[in-house]
Amino acid sequence: MIKRTKVLELLRAEAPIDKILLKGWVRTKRDSKTFSFLELNDGSSLANLQVIADSSLDNYAEITALTTGSALEIRGSLAPSQGKGQKWEVLAENVTIVSVADGAYPLQKKRHTDDFLRGIAHLRPRTNKYGAVFRIRSELSFAIHKFFRDKGFRYLHSPIITGSDCEGAGDMFRVTALNPGEIPVSGGIIDYSQDFFGQEASLTVSGQLSAEMFALALGDVYTFGPTFRAENSNTSRHVAEFWMVEPEMAFCDLEEDMDLAEELVQFLVACAMDECMEDITLFAKFVNKELLTVFDNILSSPFIRITYEEAVNILCKSGVSFEFKVAFGSDLQSEHERYLTEKYFKKPVIIYNYPKEIKPFYMRLNNDNRTVAAMDLLVPGIGEIIGGSQREERAGTLKKRMVEMNLDEKKYWWYIDSRKYGTVPHSGFGLGFERLMMLVTGVANIRDVIPFPRTPGSIEF
RNA sequence: UCCCCAGUAGCUCAGUUGGCAGAGCGGGUGGCUGUUAACCACCAAGUCCGCGGUUCGAGUCCGUGCUGGGGAGCCA
C-alpha cells in the first residue's frame, strides 16, 4: 500500500516519482475529449498540483462531470510537466471520486469579496487567500512559543473564567450557571451566592494579573490565549473574542520591556518571511502592495521611542488641525497616532510615560508623580498593537493609586499580597495576536484573520 | 453607541430623466483545444433586502426597519 503524499511535498520534489497516492479537492478543471486537467489542492500549500486524467480511464465520463470542490483520491506518477506554468504534474492511473460537490458550491474560480466570504466563514478557508491567512496564523502561533522558549520564558495557562471584576479594561461577559428563568433575587439584586462560584464571574479580559503572580515565582512567563471584551465596538480592529500574548518579567524595567516588544514584533515578521513566503507573496500582490516595504521598515532599523510629552509637542507643532485637540493629559486619538506613525515618522513608534490619569492603577508611578511607566507600540496602518507597562511594585504606592481610582482593596488582597513578600520591579505587555496578523498579512479587517469572528450581533458559526 | 455609505440572478456588478430585468463568472447541454481564473455556442436561473407611502406607472423618489461596510469612541 502506498502512503499518501501531500501537494506541498510533491511540488518540492527533485525527481519524478513512480507511484504516488494523492488526496485533495478540485479547485478547477479544464477538460477535453482526450484528457482532463484537474487542479488539486489539499491545503498543504497555496499552489495546486495539476493532475492529468486521460480519457482511457474507465470512469472518464464521471471525471469530466466533476465540479469545483469535489474530493478525489489519485493514484499515479509524478512527472515533469509538458505544459508551461508548472514544474511537476501527476499522470493519473486511477481516479477515485470520494465525493462530488453540489453544483451550488459558492466558491468560484474568481475573486470574491471579503464580505461575502464572511457570510460563508465555514467555507472560506478553502480559498487561496484565507488558506494563506490561516497557514500563517498557525506558523506565527508556533513562532511565539519558540521566541519565548528560546529566551527561557515559561508558558502560563492563565484562567479563562475569572472572579476579578476589574482586570483593567473593557466590559466583561458574565459567566453563570443560573437558569435564566429562575434567577435568585434578593432586595432587587441578583444573589450570586447561589451561583456556581458563589460570586459573580466573568470571562477574562487579560491574563496579566495572573501572569504577574507567576513572574514573581518563575521569573519570566508569558500567556497566549483567548480573551473577551463585551464592548459594543464596531470597527475593523475589534472583535469580542481575540487572542493575546502577554509576557511578564521579574526584575525588568520599562526600557527592557520596550526592548522585548520590539524584538518580538521583528522576530515574528522575519519568521513570516522565512516560513510563509509563498503565502506572503499572495498578500503582497493582491491585498497590500506595500507589504514588503512595511516589513523592511520594521526590520531595517530600531523603532522610534518618544515620551508621551514629546508626542504631544510634535502634534502641537505639526500645524495640522486635528478634530480632537491635543493637550498634555488627554489621551491620544486615532488621528494623532496616525499622524505620528504614518506622516511624521513613517515607522513603528513606541510612546511611553503617559499621564497617570489616563492609565490603570497597576502601572508604576514615575518620579515626576504625574506620569506612569506605560508604553504603547503603534504601527502605521493599524495603530496600537502592543500596550504594556512596568508594574507598581511598591505596596504603599499601589494602595494609594487604588484609593485614587476608587477600587476596593479587599478584592485585590492577593494582588497586594505579592508586593509584601519579596516584591521586585517587573514589567510586561499585551500583544493583540489578530492585530499582528493584520500587520503581517496586510488584511485590513480583523474579522478576516480569525477563523470565526465574534462581533456585536454576530455569532453564526 | 454616534456619523456616512451600500443592499439587483448562486457570485461580481451595470441599470440613463420614474416607462419591457441586463452582462460576465458559476450551473446545465453540446463542441473544441497540452490546458493555465482555458475557449466557443445554446439553455435555465430574479421576493430588485423587508414593510409602508407618492405616482397612471417605482429597481429608480420619500419614510421606516433589518443586514453589511467605512469612519469615530473604547482598546489589543
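Read-outs: derived from the displayed coordinates by stated rules, not from any lab. It should be emphasised that the depicted structure is a prediction, and the values quoted were computed from it without experimental measurement. Positions of Cβ are backbone-derived with ideal geometry, glycine not excepted, and every protein chain shown enters the neighbour counts.
Using only Cα atoms, tell me the angle between helix A:308-317 and the longest principal axis of chain A; keep it within 0 to 90° and round to the nearest 10.
On a 0 to 90 degree scale, this one is about 80.
For A:LYS84, go through the lysines and keep the ones whose alpha-carbon is under 27 Å away, minus same-chain ones fewer than eight residues off.
Partners found: A:LYS6, A:LYS19, A:LYS23, A:LYS29, A:LYS33, A:LYS109, A:LYS110, A:LYS129, A:LYS285, A:LYS289.
Ratio of segment A:6-47's C-alpha Rg to 2.2 N^0.38 Å, to two decimals?
1.28
Could you give the dipole magnitude of segment A:153-228 about its Cα centre, charging the beta-carbon of Lys and Arg +1 and that of Asp and Glu -1, in debye to the nearest 20?
240
Could you list which residues have their amide H under 5 Å from that of A:TRP243, counting only those 5 or more apart in sequence or on another chain, with H placed in the peptide plane?
A:THR227, A:PHE433, A:GLU434
Looking at segment A:352-461 from every direction and averaging, what is the projected area of its Cα convex hull in nm²?
The directionally averaged projection comes out at 9.6 nm².
Below 15 Å, Cα to Cα, which aspartates and glutamates can A:LYS325 reach? Residues fewer than 8 away in the same chain don't count.
Candidates past the 8-residue exclusion: A:GLU309, A:GLU335, A:GLU337.
Ordered by residue, what ³J(HN,Hα) values in Hz, to whole numbers, does segment A:439-444 give under the Karplus form 6.51 cos²θ - 1.76 cosθ + 1.60, where θ = phi - 60° and Gly and Pro are x?
Going residue by residue, I get 4, 6, 9, x, 5, 8 Hz, with x marking Gly and Pro.
Using the charge dipole of chain A (Lys, Arg: +1 at Cβ; Asp, Glu: -1 at Cβ; taken about the Cα centre), state which of A:ILE20, A:ALA311, A:PHE196 has its Cα farthest towards the positive end.
Positive-end residue among those listed: A:ILE20.
Which of A:THR162, A:GLY181, A:GLN208 sits farthest toward the positive end of the charge dipole of segment A:132-224, with +1 on the Cβ of Lys and Arg and -1 on the Cβ of Asp and Glu?
The listed residue farthest towards the positive side: A:GLN208.
Under the Karplus relation 6.51 cos²θ - 1.76 cosθ + 1.60, θ = phi - 60°, what is the ordered set of whole-Hz ³J(HN,Hα) values for segment A:141-147, x standing for Gly and Pro?
After applying 6.51 cos²θ - 1.76 cosθ + 1.60, I find 4, 5, 5, 4, 5, 4, 4 Hz.
Along each of its three principal axes, how wide is the spread of alpha-carbon positions in segment A:113-200, in whole angstrom units, largest first?
57, 44, 21
Give the span of segment A:1-87's Cα atoms along each principal axis, as three whole-Å numbers ordered largest to smallest.
Here the spans come out as 32, 31, 23 Å, largest first.
Which Cα, out of A:ALA270, A:PRO247, A:TYR339, lies furthest along the positive dipole direction of segment A:219-356 (beta carbon charges, K/R +1, D/E -1)?
A:TYR339
So, with +1 on the Cβ of K and R and -1 on the Cβ of D and E, and no other charges, what is the size of the charge dipole of chain A about its Cα centre, to the nearest 20 debye?
That gives a dipole near 1020 debye.
Could you state the number of Å between the C-alpha centres of segment A:1-77 and segment A:236-250?
Here the two parts' Cα centres lie 41 Å apart.
With θ taken as phi - 60° and the coefficients 6.51, -1.76 and 1.60, list the Karplus ³J(HN,Hα) couplings across segment A:240-245 in order, rounded to whole Hz; mark glycine and proline as x.
6, 10, 9, 9, 10, 9
Please report the base-10 log of the normalised intensity I(q)/I(0) for chain A, using a Debye sum with one equal scatterer per alpha carbon and no solvent, at each q in 0.08, 0.11, 0.12 (1/Å).
With one equal scatterer per Cα and no solvent, log10 I(q)/I(0) is -0.61, -0.97, -1.08.
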